[in-house]
Amino acid sequence: MTARMIDKVWTGIFYAVAAAVIGLLIFFFAVVLSKGAGFWQPEFLFGRPSNTQAGGGIGPQLINSFYMLVVTLLLSVPLSLGAGIYLAEYAKQGRIVGFIRLCLETMASLPSIVVGLFGLLAFVTLTGWGYTLLGGALAVTIINLPGLTRICETAILDVPSNIKEGSLALGATRWQTLVKAVLPAAIPQIVTGVILSAGRIFGEAAVFIYTAGLTTPMLRWDADWGSQANPLNVFRPAETLTVHIWKLNSEGIVPDAKLIAAKSAAVLMVAVLLFNLAARLASSLLARYFSGGRRARPGRGERSKAA
Amino acid sequence: MQQMHTKRRNRWLEEYIGRTFAVICGWLIVLITVTMIIFLAVKGIQSFTDSGLSLSDMLLSAQWDPNGTPPKYGALIFIVGSMLVSLGALLISAPIALALAIFMNFIAPKWFVSLLKPVLELLVGIPSVVYGWLGVTILVPLMREWFGGSGFSLLAGIIVLSMMILPTITSIAADALANVPMAYMEASYGLGSTRWQAISRVIVPAAKAGIATGVVFGLARAFGEALAVQMVIGNTIKLPSGLDSPTATLTSVLTMDMANTINGTPWNNALWTLALILLLISFFFIAVIRLVGPRKEG
């Protein structure tokens, strides 16, 4: 074979591989959505699960998953923003930063089951809380922290330095510059990153088995604040949707366990799709808001033309 | 005058508070990491300090029989299982990932790349239990038909994992390839090479370090994945006799047994030792990545 023939053959192979991967994703979605058809019915999405009879829903698990997401983001966004600011702005390059980065790398590469087991030691046993939603949120924050810190750091570093210099030249302090000039410019990137990491928290499972537990108390919205039945109480066990699927597969005794697992998987797939779309939408909207705002009002100088 | 003073003081107070917050967050990362390592190490060595196991029994014996008399806690099956399943996944995944990375950087037209990128993002986004569920509902019955037996097998675990790590390796390899200067490609064309010759003999060797990093990342991810593997691998405590035979991994036995054991018992201690082994192996991967990875900055 001549070199040109070989080149053509390989080009063909590359196209085939790429097409196969796209086909695979389509196949996954087709299987999940067809086997889990009917997942959109309200009585499934918001219904009570049943232990022995067919036809139960996933209401509490869905609530738990979303509530877990909210609590985790409340914990991890400020922390990783702070850490990102520290790494991007304040930390002197050298041994200390090198060590922090090594810790971040270590954290990022820990298997989620190991973090879950650490959560079992620290947030379940040592604190004496037992399996709680808060314990789950703290543990998954550990998983989430390195990625989100990285995103915040890069977003801050990507802000053109003339924005920062301009603010500093006007006599602003570093913190003022950061909050009033740098962060607004970094926000589109940070928001996209947060939404994508939200998708990952939503799909996380191994870490919750030993921190948030495999059960959910009967939830009542009219329950007392301190009661385990109050959905907003963070000190209660909280089985998430992902853990529910896993449990149905390994020890489900409901007669329609397979169908519930399929429908729950479909809910998760749709959630993944929505999180990705939201991230895309947010990044394009925010980018337009921060750059296109100038374009919308003509005659504001050279930059509007350049944009 | 007085007003200006307070204004200035507030400003410095703000700077001070903000800075302190950032520094605390930075150090919190160190604190969490160190605490995790200490906690897991303390729990993990109890097998040797409290329940009197020997390190060699733990690592080299394939007899895991916590209910036997005397109980045995050899972890070899799980270590071998984890290694086989992640290396197998790598064998399938790495070539495909490299092909995708090359395709995206040098061959695909723009519209194809803009189709492929979201596809890879979605593949990353699919939760691991959904991969496990897909394995149980599609792959396992298929295996049962082809090989007989239960269908839960090493091969099922390998295939499920290879799909999960594909996007990870692809994106790191694609970045590595994108960092190769265009001049290399041009020089190669200038010498009369075809595109494939340029890619295979110039570009890929130049990006070797970055590609290797991607591969190790993929391996590390495969090693630590728990639920998807646990759902399809069968979890029988024996060394696999072939690709179609069920076995168990470090993560799968941890997932299943931790809740069934009582804190402080030898069985429980042995499980914590498995967790420590998992931790040490992920340290090993970090060290490898630091060694093979491309030099940063420059």
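Only the coordinates and a few stated rules stand behind these numbers; no lab work does. Being a predicted model, the structure only gives us computed values, none of them experimental. All Cβ positions, even for glycine, are placed from backbone atoms using ideal geometry, and neighbour counts span all protein chains on display.
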Show log10 I(q)/I(0) for the protein assembly as shown at q = 0.11, 0.12 Å⁻¹, two decimals, from a solvent-free Debye sum over equal Cα scatterers.
-1.17, -1.37
I need B:T213, A:T125 ordered by Cβ neighbour count within 10 Å, fewest first.
A:T125, B:T213
So for the range A:59-290, taking the charge dipole from beta-carbon charges (+1 Lys/Arg, -1 Asp/Glu), which of A:Q228, A:G119, A:A186 sits furthest toward the positive end?
A:A186
Return the long-range amide H neighbours of B:T247 (sequence gap of 5 or more, or a different chain), with a cut-off of under 5 Å between placed amide H atoms.
B:L154, B:N235, B:T236
Reachable lysines from B:K110, criterion Cα separation under 21 angstrom, eight or more residues apart if same chain:
A:K8
With labels modelled as points extended 7 Å from the Cα through the Cβ direction, what inter-label distance (nm, one decimal) is found for A:V179 paired with B:R11?
1.4 nm
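Give, as a single signed number, the net charge of other residues whose beta carbon lies under 12 Å from the beta carbon of B:I203, with Lys and Arg counted +1 and Asp and Glu -1.
So the surrounding residues net to +2.
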Along chain A, longest interval not containing exposed chymotrypsin sites (Phe, Trp or Tyr not before Pro), exposed being DSSP loop plus at most 11 other Cβ atoms within 10 Å
A:1-220
Quick check: Cα centre of the range B:131-172 to Cα centre of the range A:133-157, how many Å?
30 Å
How far is the Cα center of the range B:4-45 from the Cα center of the range A:199-261, in Å?
33 Å
Could you list log10 I(q)/I(0) for the range A:121-183 at q = 0.25, 0.26 Å⁻¹, which the Debye formula gives when each Cα is one point scatterer?
-0.96, -1.00
For the range A:202-218, take each phi angle, set θ = phi - 60°, evaluate the Karplus expression 6.51 cos²θ - 1.76 cosθ + 1.60, and give the result in whole Hz per residue in order, putting x for glycine and proline.
4, x, 5, 9, 4, 5, 7, 4, 9, 10, 9, x, 10, 9, 9, x, 4
Note down the relative contact order for chain B as a percent, whole number, built from C-alpha pairs under 8 angstrom at least six residues apart.
25 percent
Sequence of A:L75, B:L166 once ranked by neighbouring C-beta atoms within 10 Å, starting from the fewest
A:L75, B:L166
Given the C-alpha centroids of the range A:66-82 and the range A:1-45, what is the distance between them in whole angstrom?
34 Å
What residue among B:S128, B:S245, B:S56 shows peak mean-square fluctuation when chain B is described by a Gaussian network model with Cα springs under 10 Å?
B:S56
Given R₀ = 45 Å, FRET efficiency for A:V97-B:L59 by Cβ-Cβ distance, to 0.05?
0.80
Which order results if A:C152, B:C25 are arranged by neighbouring Cβ count within 10 Å, fewest first?
B:C25, A:C152
Qualifying lysines (Cα of each under 23 Å from Cα of A:K164; at least 8 residues distant if same chain):
A:K92, A:K180, A:K305, B:K7
By the gyration tensor of its Cα atoms, with a ≥ b ≥ c the square roots of the eigenvalues, what is the shape of chain B: rounded for a/c under 1.5, prolate for a/b over b/c, or oblate?
oblate
Is the shape of the range A:59-290 best called rounded, prolate or oblate, per the rule: a/c under 1.5 gives rounded, else a/b larger than b/c gives prolate, else oblate, with a ≥ b ≥ c the square roots of the Cα gyration tensor eigenvalues?
prolate
Putting +1 on Lys and Arg Cβ atoms and -1 on Asp and Glu Cβ atoms, find which of B:F106, B:P118, B:V216 reaches farthest to the positive end of the dipole of the range B:88-224.
B:F106
If you average the sequence gap of Cα pairs under 8 Å that are 6 or more apart and divide by the length of chain A, what percent do you get for the contact order?
24 percent
